[in-house]
1. Got a sec? How would V104, V263 order by Cβ neighbour count within 10 Å, fewest to most?
2. Dipole size in debye (nearest 20) for the stretch 7-159 around its Cα centre, Lys and Arg Cβ +1, Asp and Glu Cβ -1?
3. With charges set only on the Cβ (+1 for Lys and Arg, -1 for Asp and Glu), what does the dipole of the chain come to about its Cα centre, in debye to the nearest 20?
4. Non-local amide H neighbours of L361 (under 5 Å, H modeled in plane, Pro and chain starts lacking H): which ones?
5. With θ taken as phi - 60° and the coefficients 6.51, -1.76 and 1.60, list the Karplus ³J(HN,Hα) couplings across the stretch 351-359 in order, rounded to whole Hz; mark glycine and proline as x.
6. Please order D9, D287, D308 by the number of other Cβ within 10 Å, starting at the fewest.
7. Tell me which residues come under 5 Å, amide H to amide H, from E402 once H is placed; ignore anything under 5 positions away on its chain.
8. Compare the peptides 82-91, 415-424 by average per-residue count of other Cβ atoms within 10 angstrom and give them in order, highest first.
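Just so you know, all these numbers are worked out from the coordinates, no wet-lab data involved. It should be emphasised that the depicted structure is a prediction, and the values quoted were computed from it without experimental measurement. Note that we place each Cβ from the backbone using ideal geometry, even for glycine, and neighbour counts take in every protein chain shown.
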Amino acid sequence: ISGKNSNLDLAYLKDFVATTNKTVKEVGLENSELVFAGYGIVAPEYGWNDYKGIDWKGKTAVVLINDPGFKSSDSTLFKGNTMTYYGRWTYKYEEAARQGAAGVIIIHETEPASYGWNVIESSWSGARLVIESEAPLLDVESWISNESANKLFDISAMKGQDYKTIAHNKSFQPIPLELSVSVGIENNIKKDVSKNVVAMIPGTDQKDEFIIYSAHWDHLGVGKPIEGDSIYNGAVDNATGTAGLLAIAEAFKKSKPTKRSIVFIALTGEEQGLLGSAYYAAHPIFDPKKTIANINMDAINSLGEMKDLTITGFGQSEMDEYAKEAAEAQNRYIIKDPTPEKGSFFRSDHFNFAKIGIPALYAAGSYEGFDHSIEEIKGANENYEEFKYHQVSDNYDSKTFELSGIRLDLQLFYEVGLTLSNDDYFPKWYDSSEFKAARK
């Protein structure tokens with residue numbers, strides 16, 4: 001980072017990460033002007049435009065993670081404390097590319113991102129997968145640590161200003177920082193094919209209508225070694241979902257044939273930005289208008305049987321009611337996502353099914369156990385997020401894995417699909433859902 005009076009050298013992985021989705025040998029930024037673009041959002045429905053008034057060609061936007069509603073008591077500011085898609089890192093890069101920027105630097109903070117810098121290190125280092133696309137692409141996609149971002153602002157034209165508060169207003173105007181950034185990326189490019197694996201059990205009377213079960217089979221592969229271990233197995237994320245997909249497929253195969261067809265998709269590239277489900281959504285095998293629902297399994301509870309079923313995206317569709325009926329049959333109760341600021345609805349493959357109008361269920365027991373208190377479950381979840389999520393330590397451990405909780409959730413997902421597969425009804429999106437229009 002270069003300025004008129006000071007420079008700032010950043011260390012890869014420790015202070016920043018940088019990558020590109022361009023499939024070229026060499027790419028980078030050379031003295032690209034840095035401009036603070038607030039949250040990096042263009043949302044006409046909220047009267048919000050962080051990119052207005054600037055020609056972004058050749059420039060690099062510095063943006064905050066999440067959206068203006070984060071930690072807000074104002075439910076009309078975006079969706080208040082419930083993250084919208086505008087808060088996701090994927091959106092930040094997509095919008096900047098649409099605006100013609102050369103690069104984006106996202107400022108990391110653990111709470112609004114919902115994960116620590118260790119997740120950035122493990123997820124944005126090593127090999128990256130991209131799907132060839134006609135969409136505009138940035139030269140460089142980057143994150144910077146919060147500590148390094150503060151140092152950046154201290155040598156910028158905004159020194160001494162509270163940049164987070166300034167960004168928290170729809171009248172915000174992009175602010176040139178009087179700094180430039182240079183970074184180079186050398187790619188070793190390998191063109192290959194990674195598979196979505198699809199299977200179907202045909203229905204009888206309504207075999208041209210489909211219920212899709214999904215789970216992603218990928219994790220992070222081989223990465224930064226920790227105590228000599230460099231294999232990121234992903235036992236919870238997402239061997240649980242992949243095994244669950246196979247178990248439910250086996251259960252349907254052994255049961256009486258259903259009226260509607262049951263589809264099972266093991267998706268690739270979820271950890272690289274929901275790539276497998278994005279590809280399926282763009283090239284669906286089964287007509288989305290005849291696809292009744294998606295039931296997605298990702299990081300199923302392994303902490304024992306839960307009294308609750310926590311629905312991520314509760315209030316989006318009538319899939320809530322099917323889940324509620326199945327939960328009550330297990331003497332369980334439904335709760336909505338207790339941490340909506342994390343934007344979990346946008347962080348797994350069901351999101352891409354929702355984008356093409358297919359009502360989706362993404363749920364798991366995660367709040368109160370039959371044998372463990374709310375406090376114990378909260379502590380276990382926090383321990384996983386801090387020490388195991390996207391780390392080499394996400395391994396199967398027979399001493400800590402309580403498979404009874406996985407079994408209970410899988411039984412519920414099976415029952416929801418079974419009910420739908422022998423019904424004539426198409427679950428609907430609620431009027432308040434942003435996905436309703438895609439169903440028409």
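1. Placing the least packed residue first, the sequence is V263, V104.
2. Using Cβ point charges on Lys, Arg, Asp and Glu, the stretch 7-159 gives about 80 debye.
3. 1060 debye
4. Placed amide hydrogens put N294, I295, N296 under 5 Å from L361.
5. 4, 6, 5, 4, 4, 9, x, 8, x
6. Listed from fewest to most nearby Cβ atoms, that is D9, D287, D308.
7. Correct list: L303, G304.
8. Details: 82-91: 21.8, 415-424: 19.0.
Ranking, from highest mean packing down: 82-91, 415-424.
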